[in-house]
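Participant: One structure is given below, represented as structure tokens, and several questions about it will come after.
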Amino acid sequence: MARHELDPAAFEAFLTESDAPAALGTTFFDSQLGFALRRWCPPLLDLEPHCPPARYLARRRELGVREVNRRLLSAAGITDFLVDTGLPGDLTTPDELAAAAGGTAHEIVRLEHLAERTADTSRSADDFLAGLADGIREAARTAAGFKSVAAYRYGLHFEPDAPAPAAVHTAAERWLAHRAEGGAPAARVTDPVLLRHLLWSAARTGLPLQLHTGFGDPDLRLDRCDPLALTDFIRAVRPTGCSLILLHGYPYHRGAAYLAAVFPHVYADVGLSLTHTGARAGAVLAEMLELAPFGKVLFSTDAYGLPELYMVGARLFREALTGLLDQWVREGAWSSGDAGRVAALLGADNARRVYGLGSTITRDH
């Protein structure tokens, strides 16, 4: 989460995947996420539901960051946080985040961030590749899993097989030379050969590997983020024993559910699909549950920056799931016992099993 008080514009920036301010005369509070925030969060700050944004933000300032964080994170009911540590900004550490909620933190290592940090101190391609191998091996000792944003950096239509060592070395030389020329874009790893090397290096550790799929900020091309584009990679990586967690998916979440249904090592994570669809979260979750086995769907919020996003993500998931299960029990399609068991699977037990965590959890990254 952000460490300091945010002005209104900075606060609103966390309510959207856009990288620009709201259009003139509009506000990001006028969105499914904005309305969900105004429904669920104000009562926790001693305000009425749906109060005006200006009143909400004023009350937030009155209470201060520490108290707002405590109230909202506690109400979210998240006990274990799986945190992507590759995000930029002045953010709390995973341990600080979990402490504010009275929970426990587990690190998810972002592969591209690890590669870029390694490149910062590498004098040659050999140095870089050796340092990267050491970094991945060291991270695997303590992390709960790895994450890739190859969807942002290239897209999901990459070649599925592990690249040959010679090709990796050539790509590393080319990238390091490009970085030496300067400029922010050059610092980012976007070469598909290096991205594939990162994915395969992580997969061979045996830890779960999260993959961003579906929508995000304008830094990606949405048409290149359909999880179905990963089908050949999914087949190729299966012998490693690595579990693949497909994050978000929207609007391709039905494709993610299909992949989870037909491949034993693939899981679908609801992520931002529910947070940003707000009052329609139940419909989106129902579509994911049309085909995906109930032991293969995971909850997460993908929240960062604002404690509100943890609270809203968790509440929307609970409301959506409860609404669906109650309906199916009333219709006689499900028994109440099965509904309770599936709720436990989606909210906690699937993540506990996949990430090898010992206590019942709900999940964030």
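Participant: Answer yes or no as to whether residue 357 is more than 30 Å from residue 30 (Cβ to Cβ), in a loop (DSSP other than H, G, I, E, B) and either free of Cβ contacts under 8 Å to residues at least 40 places away in the same chain or of a type in the set (Phe, Trp, Tyr) (or both).
Facilitator: no
Participant: Quick one: count up the residues across the range 130-153 that are polar (S, T, N, Q) and either loosely packed, with under 14 Cβ neighbours inside 10 Å or out of contact with any strand residue (DSSP E or B) (no Cβ under 7 Å at 6 or more places or on another chain) (or both).
Facilitator: Going through the range 130-153 one residue at a time, the tally reaches 1.
Participant: So, one more: Is it true that residue 333 is at negative phi, surrounded by 24 or more Cβ atoms within 10 Å (Cβ to Cβ) and without any contact (Cβ under 8 Å) to a residue 40 or more places away in the chain?
Facilitator: Taking the combined requirement at face value, the residue does not satisfy it.
Participant: Which count do you get for residues in the range 295-313 that are assigned to a helix (DSSP H, G or I) and under 14 Å from residue 269 (Cβ atoms)?
Facilitator: Qualifying residue count for the region: 3.
Participant: Do we have residue 95 as free of Cβ contacts under 8 Å to residues at least 40 places away in the same chain and touching a strand residue (DSSP E or B) at 6+ places or on another chain (Cβ under 7 Å) here?
Facilitator: It is true that residue 95 is free of Cβ contacts under 8 Å to residues at least 40 places away in the same chain and touching a strand residue (DSSP E or B) at 6+ places or on another chain (Cβ under 7 Å).
Participant: Now a separate question. Any residue that is at pLDDT below 95, closer than 25 Å to residue 349 by Cβ, of a type in the set (A, V, I, L, M, F, W, C) and out of contact with any Leu (no Cβ under 8 Å at 6 or more places or on another chain) - is there at least one of those in the range 102-116?
Facilitator: no
Participant: Among (1) part of a loop (DSSP other than H, G, I, E, B); (2) modelled with pLDDT of 95 or more, which single condition is residue 5 missing?
Facilitator: With respect to (1) part of a loop (DSSP other than H, G, I, E, B); (2) modelled with pLDDT of 95 or more, residue 5 is out only on (2).
Participant: With the condition kept exactly as written, say whether any residue in the range 258-269 is β-branched (Val, Ile, Thr) and in contact with an Asp or Glu (Cβ under 7 Å, 6 or more places away or on another chain).
Facilitator: no
Participant: Can you name the residue in the range 274-286 that is surrounded by fewer than 17 Cβ atoms within 10 Å (Cβ to Cβ) and free of Cβ contacts under 8 Å to residues at least 60 places away in the same chain and is also nearest to residue 234 (Cα to Cα) among such residues?
Facilitator: 286
Participant: Hey, can you tell me all the residues within the range 4-31 that are of a type in the set (S, T, N, Q) and either within 18 Å of residue 58 (Cβ to Cβ) or buried (at least 16 other Cβ atoms within 10 Å of the Cβ) (or both)?
Facilitator: 16, 27, 31
Participant: Surrounded by fewer than 17 Cβ atoms within 10 Å (Cβ to Cβ), modelled with pLDDT of 95 or more and over 22 Å from residue 87 (Cβ atoms) - does that describe any residue in the range 294-302?
Facilitator: yes
Participant: When the residues of the range 70-128 are narrowed to those that are surrounded by fewer than 20 Cβ atoms within 10 Å (Cβ to Cβ) and among the basic types (Lys, Arg), which ends up farthest from residue 275 (Cα to Cα)?
Facilitator: So, considering only residues that are surrounded by fewer than 20 Cβ atoms within 10 Å (Cβ to Cβ) and among the basic types (Lys, Arg), the one farthest from residue 275 (Cα to Cα) is 123.
The values are calculated or read from the model by the stated rules, or taken from the named source; none is laboratory data. The structure presented is a predicted model; accordingly, all values stated were derived computationally and were not measured. Note that we place each Cβ from the backbone using ideal geometry, even for glycine, and neighbour counts take in every protein chain shown.
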